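Here's the structure, in structure tokens; my notes come after.
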Amino acid sequence: MEKMHLPSDFLPIFIQLGLALGFIITTMLVTHSIGPKRNSKLKDEAFECGIPAEGDARTPISVKYFLIAILFVLFDVEVIFMYPWAVNFKSLGWAGFVEMLLFMGLLLAGFYYVIRKGVLKWE
Amino acid sequence: MDTASWIIKALIIVGVFAVTLLIATYSTLAERKIAGFMQDRLGPDRAGPFGVFQPLADAVKMFFKEDFIPAQANKWLFIAGPCLSMLTALMTSAVIPFGDTIRYEEQTIAVQGVELNVGILYVFGIVSLGVYGLMIGGWASNNKFSLLGAVRAASQNISYEIALGLSIIAIIMSAGSLSLRDIVNQQHGFAWNIFYQPVGFIIFVTCAFAECNRTPFDLPECETELVGGYHTEYSSMKLGFYLFSEYINMFISSLVVSTLYLGGFNYPGMDWVYAKLTALAGDTTGHNLATLIGFLALFFKGLFGVFFFMWVRWTVPRFRFDQLMDLGWKALFPLAILNIFFTGAGEMLGYHGFTWIIVGIMTILAATNAVKAPPRKMYPADV
């Protein structure tokens, strides 16, 4: 059974989006308006377990997290490449399977390089 | 589609929305009751019989608390963080097939918000957006604990997303479709995917735990190190949104797991029930009743999933951060690739359950390791 999919199929998603946005905005407005408001200089400071705060949180953090993010971008793009292949997997047959094995082999070679470089090592 | 079917469609969406919110509300009570049960205490029992009004009391309290915004925070981003978290949690339920079809005056309408041909991609996309809510909220708080919690949350979520995506690919390969309804229909009766994809199931569930920031992967809100994690500075309903979105995510991910691996609205003996019902109550009513039973079956699976999340929380201790990253990258990622390889080879050779080979190899490896391991010392020695 071949079915046509039109852009109008996505319309119910916008109904859901409207519903969710409405719920969130109403809740936010209500909670902002009915709670008490008491401010003081000490209270408005960032919480650091009762010790006077040193500077703010706009500080550099470990580069490991950045490397993880870069790796994610690389590998996630590879994963996205596999989706169309997986849908057509049966019609592509052995040729498609072997080609994807080659692709995954390259991917794993890159992954092995990353591990040997110690990018995923935490101490 | 005409007006009547549009109205039914809108009713289904509103109903699904309401049910999601209700389940999330009562999950908070269930969590505390189950925690009480597992720790041999009562749990909340003051508000109403068995504490059934506790979630309402909590909600009212949340609303009447002070909505506090630190002086140093970026005000709009601070508000946007929890809103975004909540929005992504609420959007996913649209594509989940809750039941078969409803017949109404010569029309057949699917019990599903939207019948997308790229349903699983939609879920995957919205789930990836969820990390922005945590990251924006944690960064905007301008608090070191929040920032650390947010960075941890972000790196954990993106690490497990790769294995999550790869485990879905094995399902798509055997189903040949991205539509969740197609995937469910192929598991008709008791031909559930879990029997053909045991490894994919384990990878997917593990990643779902990590994506929901639940124990044993709740390092972003690790209270012994980070106070409250990314929501340290939050109060009132903004904190409520963060907690609430976690419960919604739990329910939705249980539903997605049920849809992909546990047969969705299919249950053993459904053809027999269908035949009996249509014989008893006529074609239309019988069909609708069978749909209702299927819906209840999916619902039961989803609720069991939520219970499983809570069960694990009080059973498995929290990981260390490097262990968490090692599990995601060095264990689940290669395992998912291996799973794809075995699924592909199995499909090509015509054997569906080829991935059981991985389970067999793993069991043998674990057994040999257990035999080779030095005997564990027991204290006191005579036990």
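The values are calculated or read from the model by the stated rules, or taken from the named source; none is laboratory data. Bear in mind that the values here come from a model prediction, so they are computed numbers and not experimental data. Virtual Cβ from ideal backbone geometry, glycine too; neighbours counted across all protein chains shown.
At-a-glance table
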| item | result |
| --- | --- |
| Residue match in the range B:370-380 (condition: part of a helix (DSSP H, G or I) and either within 14 Å of chain A (Cβ to nearest Cβ) or of a type outside the set (Val, Ile, Thr) (or both)) | yes |
| Unique match (being within 20 Å of B:Val257 (Cβ to Cβ), within 19 Å of the chain's Cα centre (by Cα), within 9 Å of chain A (Cβ to nearest Cβ) and modelled with pLDDT under 85) among B:Gly119, B:Gly113 | B:Gly113 |
| Residue identified as more than 30 Å from B:Tyr234 (Cβ to Cβ), in contact (Cβ under 8 Å) with a residue 60 or more places away in the chain and in a helix (DSSP H, G or I) among B:Ile203, B:Ile172 | B:Ile203 |
| Residue ID - farthest from A:Gly93 (Cα to Cα), chosen from residues in the range B:322-359 that are away from chain A (no Cβ under 14 Å) and not in a loop (DSSP other than H, G, I, E, B) | B:Val359 |
| Cβ-Cβ under 7 Å pairs, at least 6 apart or on other chains, the range B:273-285 side more than 21 Å from B:His188 (Cβ to Cβ), far side of a type in the set (Gly, Ala, Ser) | B:Leu280/B:Gly286 |
| Residue within the range B:360-369 that is away from chain A (no Cβ under 13 Å), hydroxyl-bearing (Ser, Thr, Tyr), in a loop (DSSP other than H, G, I, E, B) and free of Cβ contacts under 8 Å to residues at least 40 places away in the same chain present | no |
| Unique match (being under 30 Å from B:Val118 (Cβ atoms), free of Cβ contacts under 8 Å to residues at least 12 places away in the same chain and facing chain A (nearest Cβ under 10 Å)) among B:Ala89, B:Ala18 | B:Ala18 |
| Residue ID - farthest from the chain's Cα centre (by Cα), chosen from residues in the range B:329-357 that are crowded, with 17+ Cβ neighbours inside 10 Å and modelled with pLDDT under 85 | B:Glu347 |
| Subset of the range B:43-65 [facing chain A (nearest Cβ under 7 Å) and loosely packed, with under 15 Cβ neighbours inside 10 Å] | B:Phe64 |
| Residues that are assigned to a helix (DSSP H, G or I), touching a helix residue (DSSP H, G or I) at 6+ places or on another chain (Cβ under 9 Å) and not charged (D, E, K, R), drawn from the range A:87-105 | A:Val87, A:Phe89, A:Leu92, A:Gly93, A:Trp94, A:Gly96, A:Phe97, A:Met100, A:Leu101, A:Phe103, A:Met104 |
| Criterion: assigned to a helix (DSSP H, G or I) and under 30 Å from A:Ile51 (Cα atoms) - qualifying residue of B:Met250, B:Met237 | B:Met237 |
| Residues being touching a Ser or Thr at 6+ places or on another chain (Cβ under 9 Å), more than 20 Å from B:Phe204 (Cβ to Cβ), surrounded by fewer than 23 Cβ atoms within 10 Å (Cβ to Cβ) and facing chain A (nearest Cβ under 7 Å) - total across the range B:132-177 | 1 |
| Residue within the range B:21-28 that is within 9 Å of another protein chain (Cβ to nearest Cβ) and within 20 Å of the chain's Cα centre (by Cα) present | yes |
| Residues that are more than 7 Å from chain B (Cβ to nearest Cβ) and part of a loop (DSSP other than H, G, I, E, B), drawn from the range A:59-73 | A:Thr59, A:Pro60, A:Ser62 |
